[in-house]
Amino acid sequence: NIENSFYNANEAFEYFYKTISKHGVKFANTRALFNIGFTIHRPKMRLISDSKRKWNLEYAEAEWQWYLSGDKNIKKLGEIYGKIPPIWERMANAANEVNSNYGYQWQRGGNHISQLDYVVDKLKKEMYTRHAAISIYDGKEHRDYKYDTPCTYAIQFTNVENRLNMCVTMRSNDLW
């Protein structure tokens, strides 16, 4: 049985690190678990302190600020962080742009309204809507995924028992 409820991100990391090592299926030069859902009860407790993770708070904050900018260009991350991590250089196209800047994805939308603004407006108008969703991985953009494919399919927000619930559906998710 796979546990599906964790107090914070570090607890989830430690559990899945052990579980993938022990029960992960060999797949595409790695080990994987499929069709796993879980809840983190204190999502604001997002720091991972386990030394195996080598988590860097300064970099995480810089990447978050880059996402908030909505700028797909990795040079923006370099301005914020002071350098461009090699992983982003490998994933960028000739224009130094990536598809995995989730801020860019949240801000794109139809009818001149970003997906995030749509979600916020929808929840304000209809507290129990099932329409408050953001799509990220887009089948209409496959031609753009030569170097960089978003790992997240979608994010849905629902009001469950007067608490905002966020469900993230992943195409691929590294534990690291």
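The values are calculated or read from the model by the stated rules, or taken from the named source; none is laboratory data. Bear in mind that the values here come from a model prediction, so they are computed numbers and not experimental data. Ideal geometry is used to build each Cβ from the backbone, glycine not excepted, and the neighbour counts take in all protein chains shown. Surface areas here come from the heavy atoms of the whole protein model, side chains and all, with no ligands, DNA or RNA. Shrake-Rupley method; radii C 1.70, N 1.55, O 1.52, S 1.80 Å.
Placing a label point 7 Å from the Cα of N93 along the Cα-to-Cβ direction, the residues of the stretch 106-141 whose backbone N falls under 19 Å of that point are 106-110, 136-141.
The share of alpha-carbon pairs in the stretch 120-160 lying farther apart than 18 Å comes to 41%. Springs join every pair of Cα atoms under 10 Å in this Gaussian network model of the chain, and among F16, F157, F34 the largest mean-square fluctuation is at F34. Normalised by 2.2 N^0.38 Å, where N is the number of residues, the C-alpha radius of gyration of the stretch 13-81 stands at 1.44. For the chain, the share of accessible area belonging to carbon and sulfur comes to 50 percent (1.4 Å probe, ligands and nucleic acids excluded). For the stretch 42-62, there are no residues whose amide N sits under 11 Å from a probe point set 7 Å from the Cα of I84 along the beta carbon direction. Helix content alone sets the calculated 222 nm mean residue ellipticity of the chain: runs of n ≥ 4 DSSP H residues at -39500 (n - 2.57) each, divided across all residues, give -10000 deg cm²/dmol. Note on N1 and S51: their simple-model spin labels are 3.3 nm apart, each label 7 Å out from Cα toward Cβ. The modelled label-to-label distance between H112 and E161, using points 7 Å beyond Cα along the C-beta direction, is 4.3 nm.
W88 sits with roughly 10 Å² accessible to a 1.4 Å probe, with DNA, RNA and ligands left out of the calculation. Sparsely packed loop sites in the stretch 136-176 (the trypsin sites (Lys or Arg not before Pro) outside DSSP H, G, I, E and B with at most 13 other Cβ atoms within 10 Å) comprise K146, R171. Here K18 sits with roughly 140 square angstrom of accessible surface, probe radius 1.4 Å.
Mind checking the log10 I(q)/I(0) for the chain at q = 0.17 Å⁻¹? Debye, one equal scatterer per Cα, no solvent, two decimals. So the normalised log intensities work out to -1.38. Straight-distance candidates among the lysines for linking to K83, with alpha-carbon spacing under 26 Å and chain neighbours fewer than 8 residues away dropped: K52, K54, K72, K75, K146. Over the stretch 60-176, accessible surface divided per residue gives 65 Å², non-protein components excluded, 1.4 Å probe.
Evaluated at q = 0.17, 0.18, 0.23 Å⁻¹, the base-10 log of the normalised Debye intensity for the stretch 69-168, with identical point scatterers placed on the Cα atoms, takes the values -0.83, -0.89, -1.16. Under 27 Å Cα-Cα from K125, which lysines qualify once same-chain neighbours fewer than 8 residues away are excluded? Cα-Cα hits under 27 Å: K44.
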